[in-house]
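K.L.:
Handing you this structure, nothing more for now.
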Amino acid sequence: MESVVKINDPKYPALLKEVKDPPEKLYYKGDWDSVLFEKCLTVVGSRRMTSYGKQIANKLVSEIAGAGITIVSGFMYGIDATAHQAALEAGGRTIAVMPCGIEIIHPEYQESLYKKILANRGLIISEYEGTFPPALWTYPRRNRIMAGLSMATLVVEAGLKSGSLITAELAKKFKRKLFAVPGPLTSTFSQGTLQLIKEGAEMVISAREVLQSYGLKISKLTLSHRVGGIGSVSTRFSTLNKLEQSIIEKLQQEPMEIDALSRSTEVSASQMGTALSLMQLKGVLFKEEGKYYVK
Amino acid sequence: MLSKVTSASNLGLETIPIDVEVNLADRGLPAFEIVGLPSKAVDESKERVKTAIVNSRIRFPTRRITVNLAPADVPKEGSFYDLPIAMGILSLTMQCKLPESSLFFGELSLEGTLRHTRGALLLALFAKEKGIKNIFVPKPSANEAAIIKGVNVYPVESLNQLLAYLLGEIPLAPAQYQETKGTQTYIEPEFDMAEILGQEQAKRAMEISAGGGHNLFMIGSPGAGKTMMARALPGILPLLAEKESLEVTKVYSASGRIPPQGSVIKIRPFRAPHHTISAAGLIGGGTNPQPGEVSLAHRGVLFLDEFNEFPRSVLEALRQPMEDGHLTISRSRKRASFPSRFILIASANPCPCGYLHHPARACLCSRREIEKYRKRVSGPILDRIDLHVEVPVVDVKEFSREPGLKKPTELSPQIRLRVIKAREIQSERFIEEGIHTNAEMKNKQIKKYCSLSKETKQVLLAAVSSFKLSARSYFKMIKVARTIADLEGYQEITIAHMAEALQYRPKIHVED
C-alpha cells in the first residue's frame, strides 16, 4: 500500500508547496484523498501533557473534527495521540505526520491508533521512505510539514523550548493562523502557550474561535454527544444521593484527590472510597493522575 | 576414665541431641583432642576450656584428653560446647557426679565465667519436648529459656559456681522468667498515625493492612510521607499472641539476636532492609543457614522502601516465602526451615525521577522510562500484594493556613483497638484452618468464608469489567472487603465494603 506523491504531482497539497523548503516526495499509507487536505488543523502539544491538557485537547478536537476539519498531528504520545484519538472518536479524519519512515510505528505501542487512523480513511505520511529510523534531526524537519499542511495550528500545552513551539514558530513564518490554549501560570506546560498568546497568537477558549476562522460553526450533533465539564448539577446526576451530589459539586469546581475530597466534605476516607468507587462504576466520574473528574 | 555429658545443637530452628564424651587416658603423652567433625569455633574450644579451668584455680589434668561429639558424622558448629566439655573433664578430675536428665550449654570466657550464648530458648523447648528436667545455661541467656514451663533452667555464672553447686556446697535456684525490655504491652512507635497530615486514604489502607495482614504497595513522590507511614504501622498492630511470640523469639534466639538477659519478643518485628540487600540476606542463607530478613520479619512487618530499586532476582525470591509463610534453605551440607509470615509494605516512586503527577514539579521521564521502571517489579509479585494505594504529596502549608483542617485525627491506639477486634474475629473464624488472617485465605477458604450477596457480587463483576481486574485481583478484592467488614464488625460483606475495597485495586497502567 506504500505510495508516494511527488512535488510536481497535482495531488500534492497546495498549502505545503508554499512552504520555503517543501519535501520533494511525500510517502503515504492509506487512500490519498485530496479532500482531506482542504481544511486542515494542526494540533500540537507536549508529550507530557497534564490531565488539563488532555481534557482540553479532547474537547476542542472532537468539536473541531466533528465539524469536518482534518486533524493533523505528529503521532507522538501525549497531546498528539490524544488529538488523533479524539478526532477518530468524533467520527473525523486525521493525518499523522511521522518523523520516520511510514513503515515504522513509532512509538510502537500505539499500533492500534496507527491502524485506526488508516481504518477511518485517514493518512500516515512522511518525507522519509520505508523503515527510515527516527532521529533527533527528523523531528524539527517533520514539524515544517505539519505546520505547512494546515491553514492554522493549535498549540494545546507546551513548555518553553519545546518541539511544539518550533512548530508554532514555523506556522508563524509560513503566515498561518496560530491558536494557543491558555493555562495556569503555575504549570510548566502552559508557559509556552502563554508566551505564544503574549506574542500575538489567538487565545482559544472554545472550539468556536477555531471554527470561525474556517468559516464553520459547531454542529449541534457534536455538541449534544459530548458534554463538557461545565454546567450545574444537571438532571443527569439527579439519581445520586446527597453525598454523591456534593462530591459532584466539589469536583465541578476543581478536580480533587480522594484525601482532599474527604477533608472538604468531612467524610472519612473509608466512606469516601466507597462513594467514589460506586460513582466510578456508574460512569459519573473518572480518575486520572490520582484526581477525580466529573465525566 | 570416661564421662558423658549431654548437650544439644541447633540447626536453624531444629535441635538435635549431642553427646559429649570425654575420656582421660591413663597412657600416652598429655594432649587434648576433639573429634566428631568440629568446626573451627568448636576446635578452639580446647583453648577456652583449658584456660578457663586454669583461671578458675582448678588443676587441669596433664593427661591425654579425647573429646568425642556424637553423632560423629554431623558437622558441629558454635561455641556452646565449651560448658559440656569443661564439665566432662571436671566431673572426672573433681569426682563430682553430673545430675541425671540434664543438658549443658554455653560458651566460656577465659576467666571461667559464662557468656551469653545464642539459642538457649530452642534448647529449653527441646528439653521440654524430650522430657529432660534440667538445663544449665549461661546466666545472661537464662531468662529467654525460663519462659518454658516444666524445665528447670539453671543460670550458670561461672565454672566455680556450678562446681560448688554440683558438689553440694551452695544452692542454685532455677531462673524465674522476668519480662524485660521489649515485652512491655505497648511500645511507643516512632510516629503516631495522628502525626501524619492528610493522607486519609493511605492511613485507612494501613489500618486494613494491619487488620487483615494484607500486603500493601504505596506509590508516591519523594516527600509524600511513605516511609513515615510505614514506620507508624507497628503502632497499630496488636501484640504477638503467646504462640506467635514463641515463633518469633525462636528465630531471634537461633540467630543470636536476643540480648543478654533478654526475654521473649512480644512486639511485632519491623524490618526495613536497604535495597542493596542480597537475595541471601533477604531470604536467608549461608553454609550454616541463617534466617534472612523475611524470617526476622515473621509475624511482623517487612518494609521495602524504593521497591523498584531492589534487584529483580532478589524480589522474585520473595515469591515462595510470601506464598507459603515459611521457607527451607538448602545448602550442600545442611538445610534449615524458617517461618516467614509477614506483612509486606512496599513503597515506590511513580517514575524514575519521582515527580510524575507532582503538583509543583515537572516530571522529566519519558513514557518509555516510566514503563521500564514499573516493569522492574514483576506481575507475580504485584499479584501477591492485596492493597495498592497512591500517596499524594501533601501541601503542608495548606494545613497551617487552614486550622480547620488540623482537626485532631485518630490516634494510633484508637485504630489499634479496631485492628485487635478484627483480628480476634479472624482467629475465631479460622480456628480450624490453621491460618490467622484474611490475607492468608486460599481461594477455597474465600469461597467458604466470604459469601457475597447478589448485589455485592454485581458490584464486583461490574468492577472486573470496567477496571479490567484480573482473576487474581477478583479474589484479592473479596479478601480486602472481608477485612473491611471485620473492622466494622459486620458478618456480611456489604456493597459499601466491596466498593471501598475496589479503591485499593492494583494500578498497573501509567495512566491509571
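K.L.:
Since B:Ile385 meets every condition but one in (1) assigned to a loop (DSSP other than H, G, I, E, B); (2) over 23 Å from the mean Cα position of the chain (by Cα); (3) of a type in the set (A, V, I, L, M, F, W, C); (4) at pLDDT 90 or above, which condition does it not meet?
P.N.:
(2)
K.L.:
Has the range B:215-226 got at least one residue that is among the small types (Gly, Ala, Ser), touching a strand residue (DSSP E or B) at 6+ places or on another chain (Cβ under 9 Å) and away from every other protein chain (no Cβ under 14 Å)?
P.N.:
Taking every residue of the range B:215-226 in turn, none turns out to be among the small types (Gly, Ala, Ser), touching a strand residue (DSSP E or B) at 6+ places or on another chain (Cβ under 9 Å) and away from every other protein chain (no Cβ under 14 Å).
K.L.:
Are any of the residues in the range A:156-163 within 14 Å of another protein chain (Cβ to nearest Cβ), touching a residue at least 40 places away in the same chain (Cβ under 8 Å) and assigned to a helix (DSSP H, G or I)?
P.N.:
Yes, the range A:156-163 has at least one match.
Yes/no matrix, rows are residues, columns are (1) within 14 Å of chain A (Cβ to nearest Cβ); (2) touching a residue at least 60 places away in the same chain (Cβ under 8 Å); (3) in contact with a strand residue (DSSP E or B) (Cβ under 6 Å, 6 or more places away or on another chain):
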residue: B:Ile420; (1), (2), (3): no, yes, no
residue: B:Ile425; (1), (2), (3): no, yes, no
residue: B:Ile435; (1), (2), (3): no, no, no
residue: B:Ser453; (1), (2), (3): no, no, no
residue: B:Arg472; (1), (2), (3): no, yes, no
residue: B:Lys476; (1), (2), (3): no, yes, no
residue: B:Tyr490; (1), (2), (3): yes, no, no
residue: B:Ile495; (1), (2), (3): yes, no, no
residue: B:Gln503; (1), (2), (3): yes, yes, no
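K.L.:
So, one more: If you take the residues in the range A:62-73 that are crowded, with 22+ Cβ neighbours inside 10 Å and farther than 23 Å from A:Leu160 by Cα, which one is nearest to the other protein chains (Cβ to nearest Cβ)?
P.N.:
This residue is A:Ser62.
K.L.:
Can you tell me how many residues in the range B:423-449 are buried (at least 18 other Cβ atoms within 10 Å of the Cβ) and part of a loop (DSSP other than H, G, I, E, B)?
P.N.:
Final tally of qualifying residues: 4.
K.L.:
Let me ask something else. So how many residues does the range A:27-54 have that are out of contact with any Leu (no Cβ under 8 Å at 6 or more places or on another chain), more than 14 Å from chain B (Cβ to nearest Cβ) and surrounded by 20 or more Cβ atoms within 10 Å (Cβ to Cβ)?
P.N.:
Going through the range A:27-54 one residue at a time, the tally reaches 2.
K.L.:
Would you check which residues across the range A:1-22 are in contact with a strand residue (DSSP E or B) (Cβ under 9 Å, 6 or more places away or on another chain) and of a type outside the set (D, E, K, R) and list them?
P.N.:
A:Met1, A:Ser3, A:Val4, A:Val5, A:Ile7, A:Tyr12, A:Pro13, A:Leu15, A:Leu16
K.L.:
Being of a type in the set (Asp, Glu), in a strand (DSSP E or B) and surrounded by fewer than 20 Cβ atoms within 10 Å (Cβ to Cβ): is that true of B:Glu47 here?
P.N.:
no
K.L.:
Within the range B:340-359, which residues are closer than 27 Å to B:Phe270 by Cα and among the hydroxyl-bearing types (Ser, Thr, Tyr)?
P.N.:
B:Ser340, B:Ser347
K.L.:
Please enumerate the residues belonging to the range A:240-266 that are more than 11 Å from chain B (Cβ to nearest Cβ) and within 15 Å of A:Gln55 (Cβ to Cβ).
P.N.:
If the condition is that a residue be more than 11 Å from chain B (Cβ to nearest Cβ) and within 15 Å of A:Gln55 (Cβ to Cβ), then A:Leu251, A:Gln252, A:Gln253, A:Glu254, A:Pro255 are the ones that fit.
K.L.:
Taking only the range A:267-281 into account, find how many residues are more than 9 Å from chain B (Cβ to nearest Cβ) and surrounded by fewer than 19 Cβ atoms within 10 Å (Cβ to Cβ).
P.N.:
Looking only at that region, the number is 1.
K.L.:
Among the residues of the range B:342-351, is there at least one that is out of contact with any strand residue (DSSP E or B) (no Cβ under 9 Å at 6 or more places or on another chain), free of Cβ contacts under 8 Å to residues at least 60 places away in the same chain and within 14 Å of chain A (Cβ to nearest Cβ)?
P.N.:
Checking the range B:342-351: at least one residue is out of contact with any strand residue (DSSP E or B) (no Cβ under 9 Å at 6 or more places or on another chain), free of Cβ contacts under 8 Å to residues at least 60 places away in the same chain and within 14 Å of chain A (Cβ to nearest Cβ).
K.L.:
Name the single residue, out of those in the range B:16-38 being over 13 Å from B:Ala70 (Cα atoms) and without any contact (Cβ under 8 Å) to a residue 40 or more places away in the chain, that is surrounded by the fewest Cβ atoms within 10 Å (Cβ to Cβ).
P.N.:
B:Arg27
K.L.:
Separate question: All but one of (1) away from chain A (no Cβ under 14 Å); (2) of a type in the set (D, E, K, R); (3) part of a helix (DSSP H, G or I) hold for B:Arg376; state the number of the condition that does not hold.
P.N.:
So the condition that B:Arg376 fails would be (3).
K.L.:
Also, I was wondering about something else. Looking at (1) within 13 Å of chain A (Cβ to nearest Cβ); (2) in contact with a Pro (Cβ under 9 Å, 6 or more places away or on another chain), can you tell me which one B:Glu410 breaks?
P.N.:
Result: B:Glu410 passes all but (2).
K.L.:
Which residues, counting only those in the range A:174-189, are in contact (Cβ under 8 Å) with a residue 24 or more places away in the chain and over 30 Å from B:Pro359 (Cβ atoms)?
P.N.:
Answer for the range A:174-189, where residues must be in contact (Cβ under 8 Å) with a residue 24 or more places away in the chain and over 30 Å from B:Pro359 (Cβ atoms): A:Phe174, A:Arg176, A:Lys177.
K.L.:
With the requirement that a residue be in contact with a Gly (Cβ under 7 Å, 6 or more places away or on another chain), in a loop (DSSP other than H, G, I, E, B) and under 30 Å from B:Gly285 (Cα atoms), what does the range B:334-366 give you?
P.N.:
The answer is B:Ser340, B:Arg341, B:Phe342.
K.L.:
Scan the range B:312-326 for residues that are in contact (Cβ under 8 Å) with a residue 24 or more places away in the chain and of a type outside the set (Ser, Thr, Tyr) and jot them down.
P.N.:
Listed by number, the residues that qualify are B:Arg312, B:Val314, B:Leu315, B:Glu316, B:Ala317, B:Leu318, B:Arg319, B:Pro321, B:Met322, B:Glu323, B:Gly325.
K.L.:
Checking the conditions here, which among B:Ala297, B:Ala336 is in contact (Cβ under 8 Å) with a residue 60 or more places away in the chain, away from every other protein chain (no Cβ under 14 Å) and hydrophobic (A, V, I, L, M, F, W, C)?
P.N.:
Result: B:Ala336 is the single residue among B:Ala297, B:Ala336 that is in contact (Cβ under 8 Å) with a residue 60 or more places away in the chain, away from every other protein chain (no Cβ under 14 Å) and hydrophobic (A, V, I, L, M, F, W, C).
K.L.:
Among the residues of the range A:26-37, is there at least one that is under 15 Å from A:Ser164 (Cβ atoms), under 21 Å from the mean Cα position of the chain (by Cα) and touching a residue at least 24 places away in the same chain (Cβ under 8 Å)?
P.N.:
Checked against the condition, which is being under 15 Å from A:Ser164 (Cβ atoms), under 21 Å from the mean Cα position of the chain (by Cα) and touching a residue at least 24 places away in the same chain (Cβ under 8 Å), the range A:26-37 yields no hits at all.
K.L.:
For B:Phe136, are the conditions met, namely being surrounded by 17 or more Cβ atoms within 10 Å (Cβ to Cβ), out of contact with any Pro (no Cβ under 9 Å at 6 or more places or on another chain) and either aromatic (Phe, Trp, Tyr) or farther than 25 Å from B:Phe60 by Cα (or both)?
P.N.:
Taking the combined requirement at face value, the residue does not satisfy it.
K.L.:
Filter the range A:282-295 for residues that are assigned to a strand (DSSP E or B), more than 9 Å from every other protein chain (Cβ to nearest Cβ) and free of Cβ contacts under 8 Å to residues at least 60 places away in the same chain; which is nearest to B:Ile208 (Cα to Cα)?
P.N.:
Restricting to residues being assigned to a strand (DSSP E or B), more than 9 Å from every other protein chain (Cβ to nearest Cβ) and free of Cβ contacts under 8 Å to residues at least 60 places away in the same chain, the top hit is A:Tyr292.
K.L.:
So, B:Ser7, is that one of a type outside the set (A, V, I, L, M, F, W, C), free of Cβ contacts under 8 Å to residues at least 60 places away in the same chain, in contact with an Asp or Glu (Cβ under 9 Å, 6 or more places away or on another chain) and under 30 Å from B:His326 (Cα atoms) or not?
P.N.:
Considered against the rule, which asks whether it is of a type outside the set (A, V, I, L, M, F, W, C), free of Cβ contacts under 8 Å to residues at least 60 places away in the same chain, in contact with an Asp or Glu (Cβ under 9 Å, 6 or more places away or on another chain) and under 30 Å from B:His326 (Cα atoms), B:Ser7 comes out as no.
K.L.:
Among what's in the range B:391-411 and is part of a loop (DSSP other than H, G, I, E, B) and farther than 16 Å from A:Ser264 by Cβ, pick the residue that is modelled with the lowest pLDDT.
P.N.:
Within the range B:391-411, the match that is modelled with the lowest pLDDT is B:Pro408.
The values are calculated or read from the model by the stated rules, or taken from the named source; none is laboratory data. The model shown is predicted, which means the values in this text are computed figures rather than measured ones. Ideal geometry is used to build each Cβ from the backbone, glycine not excepted, and the neighbour counts take in all protein chains shown.
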